[in-house]
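Following: one structure in structure tokens, then a few remarks.
The values are calculated or read from the model by the stated rules, or taken from the named source; none is laboratory data. For clarity, every value in this text was computed on a predicted model and none was experimentally measured. In this analysis, Cβ positions are derived from the backbone assuming ideal geometry, glycine residues included, and neighbour counts consider all displayed protein chains. Heads up: the accessible areas ignore ligands, DNA and RNA and are worked out on the full protein's heavy atoms, side chains in. Shrake-Rupley method; radii C 1.70, N 1.55, O 1.52, S 1.80 Å.
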Amino acid sequence: MTEQSPPPMPSPAPLTWQQAIFNRHMFICVLTGFASGLPLYFLIQLVPAWLRSEGVGLTEIGLFALIGFPYNWKFVWAPLMDRYVPPFFGRRRGWMLISQLGLIVSMAVLGFIDPKFSVGLVAYGAAAVAFCSASQDVVLDAYRRELLRDDELGLGNAIHVQAYRLAGLVPGSIGVILGDYLPWSTVFMVMAAFMLIGVAMTLWIEEAADASIAPLSLRAAIVEPFKEFVNRKGWASALYLLLFLFLYKLGDNMATALSSPFYLDLGFTLTEIGTIAKTASLTAAIIGGLAGGIIMIRLGINRALWVFGVVQVLSILGFAALAEIGHDRFALAVVIVFEYLGVGLGTAAFTAFIARATTPAYAATQFALFTALAAVPRTFANATTGIIVESVGWTNFYLLCTVIAVPGMLMLFKVAPWREPAAGGA
């Protein structure tokens, strides 16, 4: 009597949108987004507002974008974080804790430096925050890539990005408002204390991958991620993809680089910026993050890059319109809501695209390389924004940012063609 093979297992029922969103993996993405976004927005929103309120010029504030240099070069030390395992908490969690403790100290100390005494010293302190922040991004991105299944990348990264942007409400809203009532040293210590949320996450989560898969040598940690990427894509496609990563967010990164000084120059007070601009963005970010993740499930990452990219370009024009309207609270709220929906969703699709382009075995180094390229505009191009604004004015500046955003959209024809399957990959 022949033994009959067991009947095939039935395919699991597709998840409902509630099940897809409200689970442990997505909650961890909320926490990684908050921990990652807080120090960046501390640097690009609170620090410029602090400097402007202390009488520092726009050109100097614009040049402060150069302190983001570590975000561009984090792939240099990312292999060290892939190769070596700290003696506590494991490969990913150990590096998370080290970078988060560094952030708490450097953010708190920065508030005790007087920009009137030495802007250069402020720059060194801000650079220390940027280094710790970029290091945290390396390990958080790698952890998220190991945690999420391929079918979770779109939604997980959409939630991560929206939590990342919501974290901007802490320095950009709470911090700015407190700046009207408390000494800046106290404000900066309060901001540093919010990083304890990231520390709590690190203590709560578990490693997503076995540390034994770490590269066996530093040479392997450096060489293999680049070799694997080029072999998988081919030289021509790999270079084209890297150029796309540089250009896709260039326009909106420049447009948002000086948002706090822009609002101040239009006559809005720090309290108005904190309550109207940042609170209006809260609703838009929550709705946009959830809706965007669900839309990405249906459209796929490729088509989401197209749809959200168009909205992202149009949202830049909202800043130009606000520059012409001037001090109008309702107009400010509308522009900020649209910006958070457009730019936020564009960033969500872009981050999911980057995650999909990586290989989990080399997640830290490859993710660091790709996101570093995407951060180049935020550092070097943004350093010129103050000079451009003082030369051509706010309206023409935002029109220029709109034009600069177009080439990255055109590259989607090759990098992420629309006629891919809905769940498709590039």
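Grab the other residues whose beta carbon is less than 10 angstrom from that of Ala221, score K and R as +1, D and E as -1, and report the net.
Values: positive: Arg83, Arg219; negative: Asp82, Glu224.
Spelling it out: positives minus negatives among the neighbours equals 0.
Remark: relative contact order (the chain) = 28 percent; criterion is Cα-Cα distance under 8 angstrom and separation of 6 or more residues. When Lys233, Lys414 are compared by accessible area at a 1.4 angstrom probe, the order from most to least is Lys414, Lys233.
Rolling a 1.4 Å probe over the protein chains gives Val392 an accessible area of about 70 Å². In the chain, the longest principal axis of the Cα atoms and the axis of helix 24-41 are about 30 degrees apart. Taking all Cα pairs closer than 8 Å and separated by 6 or more residues, the relative contact order of the range 72-220 comes to 41 percent. The computed Rg/Rh (Cα atoms, Kirkwood Rh) for the structure shown corresponds, within (1) 0.98; (2) 1.22; (3) 1.02, to (1).
Note down the net charge around Gln100, summing +1 for each Lys or Arg and -1 for each Asp or Glu among other residues with Cβ under 15 Å from its Cβ.
Working: positive: Arg92, Arg93; negative: Asp137, Asp141.
Here the count lands on 0.
Please compute the length gained on full extension between Ile294 and Asn231, using 0.36 nm multiplied by the number of residues separating them and subtracting their Cα-Cα distance.
On the way: separation 63, 0.36 × 63 = 22.68 nm, distance 3.30 nm.
The span from Ile294 to Asn231 would gain 19.4 nm if fully extended.
Each of Ser391 and Asp150 was given a label point 7 Å from its Cα along the Cα-to-Cβ line. The distance between the two points is 4.7 nm.
Between Pro87, Pro360, Pro183, the Gaussian network model of the chain with springs among Cα atoms under 10 angstrom shows the greatest mean-square fluctuation at Pro87. With respect to the chain, whose longest principal axis is taken over its alpha-carbon atoms, helix 153-166 is tilted by about 20°.
Ile28 contributes about 0 Å² of solvent-accessible surface, heavy atoms of the protein only, 1.4 Å probe.
Nonpolar atom fraction for the chain, defined as the carbon and sulfur part of the 1.4 Å probe accessible area, stands at 70 percent.
Computed over neighbours whose Cβ is under 12 Å from that of Arg83, the net charge equals 0, Lys and Arg +1, Asp and Glu -1.
Near Lys233, which aspartates and glutamates are there with a Cα under 17 Å away, not counting those fewer than 8 places off in the same chain? By straight Cα distance, Lys233 reaches Glu224. Per residue, the solvent-accessible area of the chain (1.4 Å probe, heavy atoms of protein chains only, all protein chains present) comes to 41 Å². Helices in the chain, meaning DSSP H runs of at least 4 residues, each add -39500 (n - 2.57). Divided by all residues, the mean residue ellipticity at 222 nm is -22500 deg cm²/dmol.
If I ignore ligands, DNA and RNA and count only protein heavy atoms, how much of Met409 is accessible to a 1.4 Å probe, in Å² to the nearest 10? Only protein atoms counted, so the area is about 20 Å².
Determine the order of Cys132, Cys29 by accessible area, beginning with the largest, at a probe radius of 1.4 Å.
Details: Cys132 25, Cys29 0 Å².
Ranked list, largest accessible area first: Cys132, Cys29.
Computed from Cα atoms, the angle from the helix 394-410 axis to the main principal axis of the chain rounds to 10 degrees.
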